[in-house]
Each structure stands twice: as C-alpha cells, then as structure tokens.
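Rule-based calculations on the coordinates, nothing more; no lab input. Worth saying up front: this structure is predicted, and the values here are computed from it rather than measured. Neighbour counts are summed over all protein chains in view; Cβ atoms, including those assigned to glycine, are modelled from backbone coordinates with ideal geometry.
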C-alpha cells in the first residue's frame, strides 16, 4: 500500500519513500508535496530533503559498503536542519532505503523536472560531501555521481567543477573555475566573477541557514581556487 500511494503521489521518489516504514517525510511531518506559494517556491525544503535522502542511499551503496562516517555525515546534516529526533528518524529511514533497489535514472530525472538548476548543483555538492566523508571518493562513487549529474541535467563543466572541490588533481583550481590552464589572466578574472555569481549563497538564502552554509562552502572553494591561481601567476 505504501508503494502504491508513494508512486501515485510522488513518482519514483514517492515509491521509494512509501516503502520506508515510518517515513518522516509524510504529510504529517515534513511536507514533501507541492508547497504553498508561486511555482518557483515549489518542491523546496521538504521535497529537497526527501529526495536527497534517496540519492544519499544510492551514493552510499555505490562501493558496496556503508560506512559509519557516511551515516554520521547524514545525521549531522539532519540535526542541523530538523533537530536530534528527526535526525535519528532520518537515519532509520535511510537504512530502510539502503535495502531497496533505487531506479537512479527515474529518481534523478524526476528531480531535474522539479528542482531549479541551482538546487541541483547544491544537491550534487552535498552528495560529494557524503562520498568524501571517509576522506576518499572511490571510482564507484564517482561513477554514480557522474550518472546522477547527467540524469539531473547538470553540465559536464559544472560536474567537473564540483568534483574538483573534493577529488585531488593537479589542475583542480582551473576545473573549479571551469577554465583551461592556458587561458589569459583576464579570462581567469572573468571566470571567477562568473563562478562567484553562480555559487553565491543568496541563490538559496530562502531555503534556510543550512543551505546557505553549504553554499558558503562552495563559494569559499571558488575563492580559494582563484587565490591559488593568482598566486601562481603573480597578478592581483
């Protein structure tokens, strides 16, 4: 019954959540349906959290093991957002979802249709945070994250930019700014202004302080990449 109601009300994401007994994202707690307000405010906080929980499970299952560091990362997120009690319920629900087969393409494409691009970037950044919770992102996790990004309609340059924030590589600073190492100094400056605007915390400020914190982290990494390139090239 939970599966049937979930698919009827919320597509593939609703189906997965419908099977997670005792869901904290039902109508009685955190709203996962269309929220009140204009079209741009729909599917935000409740939908975002519920959807993120499903994709969290997909990333955590990617390398065939679920680590305590990953579960702790998830719990910290929900404590910040909803408090201790809801965080504990979220972890229990996550363990239920981890037992299920997740139709990754269907779930991610549903999100692509319902979430603005800036929220999808935010989601990908958070998922990389989970993958790197053990201080390493495996090839299997990278592969799943790449698929999620593609299904959600995230461009390859944006994917590589966020990936470079978590995966060590020689040209990471340039990848974060979405430019080639051969571009002139003026193009580096333009790229920094463009990326700073894309990842500015104001983009998600109406979603609450927790989202702004994640946005500030991306914003900080963009600034660090720019400062590194400036230092290497010797310009101000």
FRET efficiency, residue 147 to residue 236 (Cβ-Cβ, R0 30 Å, nearest 0.05): 0.15
Normalised contact order of the range 169-236, rounded percent, pairs of Cα under 8 Å and 6 or more residues apart: 39
Label-point separation, residue 116 to residue 69 (7 Å along Cα→Cβ), nm: 3.4
Bins of 5 Å from zero: percent of alpha-carbon pairs in the range 169-236: 3, 18, 27, 21, 13, 9, 6, 2
Full-stretch length increase - residue 189, residue 105 - with 0.36 nm per residue and alpha-carbon distance subtracted: 26.6 nm
Residue-span extension gain [residue 170 to residue 197] - 0.36 nm each, minus C-alpha spacing: 7.2 nm
